[in-house]
1. List the trypsin sites (Lys or Arg not before Pro) within region A:624-670 that DSSP assigns to loop and that have no more than 14 neighbouring Cβ atoms inside 10 Å.
2. Take the alpha carbon atoms of region A:406-531, find their radius of gyration, then divide it by 2.2 N^0.38 Å using N residues; give the quotient.
3. Kindly state, as a whole number, the per residue volume in cubic angstrom of the convex hull around the alpha carbon atoms of chain A.
4. Any idea what angle helix B:219-229 forms with the longest principal axis of chain B, computed on alpha-carbon atoms, 0 to 90 degrees, nearest 10?
5. Quick one: Karplus J couplings for region B:310-315, per residue in order, coefficients 6.51, -1.76, 1.60, θ = phi - 60°, nearest Hz, x for Gly and Pro?
6. When ligands, DNA and RNA are left out and all protein chains stay put, how many square angstrom of accessible area per residue does chain B have with a 1.4 Å probe?
7. When you count, for each residue, the other Cβ atoms within 10 Å and take the mean per peptide, how do B:535-545, B:472-482, A:670-680 rank with the highest first?
8. Do any GluC sites (Glu not before Pro) in region A:28-76 lie in a loop, going by DSSP, with at most 16 other beta-carbon atoms within 10 Å of their beta carbon, and if so which?
There are 2 protein chains.
Amino acid sequence: MSDLNKVFNPGSVAVIGASETSGKASERRSRSLIEGGYRGEIYLINPNRPQLFSRKAYPTITEVGKEVDLVMVVVSPKLVASAVADSVKMGAKGVVIITAGLGETGEEGKKVEAEILKEASRTGAYVIGPNCSGIFSASADLNLLGVPPLKKGGLSVLAQSGNVIDSLTHYGQIRGIGFSKIISAGNAIGVKLHEYIEFLGNDPDTHVIMTFLEGIQDGNNLVKVAREVTKEKPIISLKAGRTKAGARAAASHTGSLAGDDVIVEAAFKQAGIIRLSNVDEMFDVAETLLNCPLPRGNRVAILSEGGGDNSIAADHAERCELEVPVLAESSQEKIRPFLLAGMPASNPIDYGGTAEENPHMITECVNVCMQDDQVDGVLITGFFGGFKDIIAAHVEDLEIQTSNELVDLVKKHQKPLIVHTSFANEPIESLRILKRNGIPVVASSGRAVGCLSALMKFALKRRKMKEMKLSAIEVKEKNKAQQILQKVKDDKRTNLLETEARDLLAAYGVPLPPAHLATSRSEAAAIYEQLNCPVAAKIVSADIIHKSDVGGVRLNLGTRNEVEAAFDDIWRKASKVTQHIAGVLISPMAAKGQECIIGMVRERMFGPVIMFGLGGIFVEVLEDVSFRVVPPAVHDIDGMVKEIRGYQLLTGIRGEKPKDVDVIKDILAVVAQVAIDNPEIQQIDLNPVIVHKKGASVVDARILLAEYRSIGGEAPKPAS
Amino acid sequence: MSDLNKVFNPGSVAVIGASETSGKASERRSRSLIEGGYRGEIYLINPNRPQLFSRKAYPTITEVGKEVDLVMVVVSPKLVASAVADSVKMGAKGVVIITAGLGETGEEGKKVEAEILKEASRTGAYVIGPNCSGIFSASADLNLLGVPPLKKGGLSVLAQSGNVIDSLTHYGQIRGIGFSKIISAGNAIGVKLHEYIEFLGNDPDTHVIMTFLEGIQDGNNLVKVAREVTKEKPIISLKAGRTKAGARAAASHTGSLAGDDVIVEAAFKQAGIIRLSNVDEMFDVAETLLNCPLPRGNRVAILSEGGGDNSIAADHAERCELEVPVLAESSQEKIRPFLLAGMPASNPIDYGGTAEENPHMITECVNVCMQDDQVDGVLITGFFGGFKDIIAAHVEDLEIQTSNELVDLVKKHQKPLIVHTSFANEPIESLRILKRNGIPVVASSGRAVGCLSALMKFALKRRKMKEMKLSAIEVKEKNKAQQILQKVKDDKRTNLLETEARDLLAAYGVPLPPAHLATSRSEAAAIYEQLNCPVAAKIVSADIIHKSDVGGVRLNLGTRNEVEAAFDDIWRKASKVTQHIAGVLISPMAAKGQECIIGMVRERMFGPVIMFGLGGIFVEVLEDVSFRVVPPAVHDIDGMVKEIRGYQLLTGIRGEKPKDVDVIKDILAVVAQVAIDNPEIQQIDLNPVIVHKKGASVVDARILLAEYRSIGGEAPKPAS
């Protein structure tokens, strides 16, 4: 575990490349450091200036003559490595490298980055950046971002991009949100994203973590760390590069690849990270997470003086996976006296125009909702705060009174309340009271619902994370798998024979249908007669991965003659392709059932990833597959089976019997375990797996040691 | 065609139920009428007050003694009908009924509504409302909404909800958007939604039409009218009630049902209506549509001083169906000098921190993009306008200069430019210049992209609408269909025999596989021998709609014996259910192909609707079906085939030959025509239709005259 505390609470800071030229990156950051209230020693380094900002400047850091804890480097690319070397010599625990134009622009820059890391590694100094915007640490009054002074508070930010930091701090400022730590990670060649998140997770001043990610590094560790952090603190994230053009922009920007967004989505889900898509939206949500009591569930009551606003909000709510339950009759009874005769009190609740003249009615209705066990949070929508403008001036006092009552209700019942009003951004006292007391007031209905949704999702995710149990399988025959793999490696092969793949899976307890290798037609016939049912025959050869393509598969062989003829035919065709034929595998035809695909690949950013899908068109046309990063939690495996669009085919439609979903989960757990135990395995394809009412038949198993290709895609060429 | 001009430009206005009690609906509206600058005569009616607002008040409208053009009615529900009666007597061309608590609350109120209509029908007076918020007409300085004075401009609004009007006018006000007409339609018992839209389409002062709809009335006419209007003017719409809770809210509010959202979505697409989901978003988009030049296509260049913002915007763009094309090499060459060495000029374009110090660089890059034929519009994202705060104060002048240059570029090239900046809502001169000149400045990246997307979508829709050709089929045997239907009606049946359904379709030119009705086993055998291929046998009986359920279908009969046995079996089983057996239909087994479903239902709100889907799990599990309101345009039919998720199965995957998509479109066109020509047909199910490489086989055809049930759902009971 890293101790980034030294970086965020340094005793002294030096700026190599300090400058006074207005508008320059180094000037802005030198100034924000000096003016930000930092209490430790500051050393400004510039070989050409004896003084900067009316302070002594040093020609080099080595002339400071004292240990320096943290060094910010803002020099041209070719000078960075020696600046880092000097910093390390002076005992720096960390270097924050602002300089851009390194790894993100090409090979030349990557070489410089390697030098930087080499220098830093001499003492284990932390490298922040390069190509970053700096850091902010409220606990040290340390502002290396070059932005105006920031309010202190519970929000911490981790972004790769530098410029987004400028937007982020500005949004925070105009909303009055305080920050604990802000980190611009830039190219993140030294300290990795997950290390920052771990640090923020442990930072007692951080209550909400906001991340803006472009590329993902070491996604496996990111998931691991975030899983722990989200047991206590919410992580919200804007992950750019979802689309082709977005990825193009991200790549040119931080030199990092965006990654397959389907995997990113799955990983975030696993990690309990809440994904958002706008910077301003992130602040709406952050504010909500910082200020609102955590709800127990996702059931929301919606109230308005206007039915139109109610229906808009209800639509948003259901789309955001919130429930808008019909209230209990007892609650409805209590609400009805406040409504126009004939208006339903079911939820959403339309208290109509009378509330505009007498807003106290809102308090009464919200009170009933807060008391109802079936309601986890409340949304008011419409134009509260503006009644005074639209109805009559004297209503202003009543609105203020109502705001105070609403604040009390939230305190008393500890359920979140969010207010959408078209007057949200105006200087209105009743709304100020709400905001001051942590009740979000939002100008957009969809955004308001989004905030409540994020809050409720976090509450549910947090519980799930706390209860999380990682999937783990005990291997029956511990060394069997390694023996098999050793043999493959000894043979300089990159793929297992199907017989080997079957043996390996069997060692992990996967129930496989019987199958026997025949090396002669008479052996094939004997196996058929022993099995005593229609069989399939498949070529087994290290050189043949796509068996069907070479005529290596024959199905539904129902007589001895058919089996013998098929054996001959398969052998003859295979002989045209290779001399290395292990035999022909004879196995019973699988009983009918639902065709599925189960697989594993090692993904560039996230490491091993397991995959599930229904076969055929579901995978090929609809891309209806689910992924999880390894190791999956037990609930992840459950989720990945349930989230596919064709899930109903497993639970039984049109009078079909439900399929054995448990056996699918068991096999997925095994595949994950195989990936963990055997890092040399690059890809596993069980395709198809026929799932029956009870049990499943793994009809074809392929295990590869070669480099990653997409599941179902072209097989890798054997290393030669 | 209605002449609502009289309502929106009346010579005199009376208010029945005028009041001075602060905050009351009638007080607000009387005041907004008086203070709104209306130039005609105003008559305030109140039996208890000789004077109101320092004017003479009349006890009843009949005592006014002169003709009154328009009457606003704000009295209790039980007095409304007589108020309308009196108004009509006084020559009113229209009545605007604010009173709520009528049809939306139940039967009692519906009776009052019927009386209102009866009274109005004596002279053909227009009824606006009831349960509405009033109207606004800039051309007459007429404000019956009870809201503060409104700016005049090119935006017109049609909403069912009253309260949403209050939000809408407020949003308009804070953004400085001017209105032409505002209409709160309320329960819309008199003038219908589509009549308002037609009126606004013809209103020369209206340039953008904004609608907020809860329920849809007469959706067929809505589509018809909107199709014409959107050839010139954009219609943007927030249609609430998408979800269950949303529909619940909408229903309790305007007494109107929300309708099946899938159909609404299809209808809006057909009508060229742009659907949005937030009130504030509607104003962003309206502003863009009012002020920006119309682009030729959907290709956008994205520029920023920050790569992070670029990737966020690019993600939004692709999700909003905008293209972010790689710029032509010639354009890239022109841009490169303005970028950091090594940064790609492909698009999105990251002009980096140097632009923050020298914003003129933005002009240069935007200029290149505007000149590029491959670019239809430009998005700037980041924090322009805030450079002065973040970089240095002296940059302010440069930002102002840049804004002026950008305004000139838009004028010169007539391509839209939208600016996203985190400083959008702040009082910054450079941003004011943009806004003043019609360049939208938006605080949210997603919202900014949404505006551009709406603009580009409208440009494309408008072109499509202008080129629209309605699908029309010439009937081969003109009277055949009606003869068949007459026979069914004469028999007091509600469903056609399959033989009749086949004959009817054949009359419209649908190519059907041969099929012959056998009434004896020997006839069945003879038909089989004549066809000389494997056949299917199906019961034909007016009493049996679900043939398989009674054992009335046998497939793949390949010998004379099989056919005979099947005939006997089918007949015997059918005899247990009914005495009315027309025979057994013998037809060749369809060749292999892609199974499809084609259908038509009469939908409650939109009238006849045609449907297309692939068969089996695509319909049953994935609900992968498309709809269009009848009559569809030729491009609609094309769209409904292409938009299904499984479309690839028709174009050919895994080496399969492409299927005959044209024949699907032909059959869809026929089904639409049948619905137009034969209003007594309530439902058509062609299921399955097997589509081949060339041609298709309509394997089963069901045509019903009974009331609507969902396609594929339970059959209606025959009327008895």
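1. On the way: sites: A:Arg628, A:Lys642, A:Arg645, A:Arg654, A:Lys659, A:Lys665; in loops: A:Arg654, A:Lys659.
Filter output for region A:624-670: A:Arg654.
2. Working: Rg = 31.7 Å, N = 126, 2.2 N^0.38 = 13.8 Å.
In units of the globular-protein estimate, region A:406-531 measures up at 2.29.
3. Working: hull volume 132.4 nm³, N = 720.
Here the figure is 184 Å³ per residue.
4. The helix B:219-229 is inclined about 50 degrees to chain B.
5. My calculation for region B:310-315 gives 4, 6, 4, 5, 5, 4 Hz in order.
6. Numbers: 26780 Å² over 720 residues.
Per residue, chain B has an accessible area of 37 Å².
7. Numbers: B:535-545: 21.7, B:472-482: 13.3, A:670-680: 19.2.
Listed from highest to lowest mean packing, they are B:535-545, A:670-680, B:472-482.
8. Numbers: sites: A:Glu35, A:Glu41, A:Glu63, A:Glu67; in loops: A:Glu67.
Those satisfying the criteria are A:Glu67.
The values are calculated or read from the model by the stated rules, or taken from the named source; none is laboratory data. Since we're looking at a predicted model, the values are computed, not measured. Using ideal geometry, Cβ is built from the backbone for each residue, glycine included, and neighbour counts are taken over all protein chains shown. Accessible surface areas use protein heavy atoms only, side chains included; no ligands, DNA or RNA. Shrake-Rupley method; radii C 1.70, N 1.55, O 1.52, S 1.80 Å.
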